[in-house]
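Reading through the structure tokens given below for one structure.
The values are calculated or read from the model by the stated rules, or taken from the named source; none is laboratory data. Please read these numbers as outputs of a predicted model, since none were measured by experiment. All Cβ positions, glycine included, derive from the backbone under ideal geometry; neighbour counts span all protein chains shown.
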Amino acid sequence: MSTLDDYSALVLDVVDAIPPGQVMSYGDIAEYVGAGGPRQVGRVLALHGGGAPWWRVIRADGTPPPGHQVAALEHYLAEGTPLRSAPHLPPGGQVRVDMRKARCYHPGGCYLPGGRPPVPPDVRPGQA
């Protein structure tokens, strides 16, 4: 069993804090932790993210990780994640999350009942 480096542990902590029905892009997570980039976040998830809610981390265009669309869609439907398109919306469509409605800017606290807008990046905790 390998131990996680600090960066990987931080990335997985952020992923674990994304509420059901919300998503972050790989780049959102890199920006939030202040290190690395989308590819580094993807690598952490590929190596260590099997037990994390990986379907809540998507590409900036709203699509789930390649090869995982079917499994991700099952999670999105169960969690009520806002979708722009899916195989049934319209029939045969690609799975795509509505990033405007589902994007999480503050893991652990961005669930927005009543459709309130997400917390913008410039007012995240710890920023002046």
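Of a type in the set (Asp, Glu) and within 16 Å of residue 105 (Cβ to Cβ): is that true of residue 5 in this structure? Answer is no for this residue. Is at least one residue of segment 64-82 crowded, with 20+ Cβ neighbours inside 10 Å and assigned to a helix (DSSP H, G or I)? Yes - at least one qualifying residue is present in segment 64-82.
Selection within segment 2-59: residues that are more than 25 Å from residue 70 (Cα to Cα) and of a type in the set (S, T, N, Q). The member of this set that is surrounded by the most Cβ atoms within 10 Å (Cβ to Cβ) is 8. Being among the hydrophobic types (A, V, I, L, M, F, W, C) and modelled with pLDDT under 90: is that true of residue 10 here? Judged against the criteria, residue 10 is not a match.
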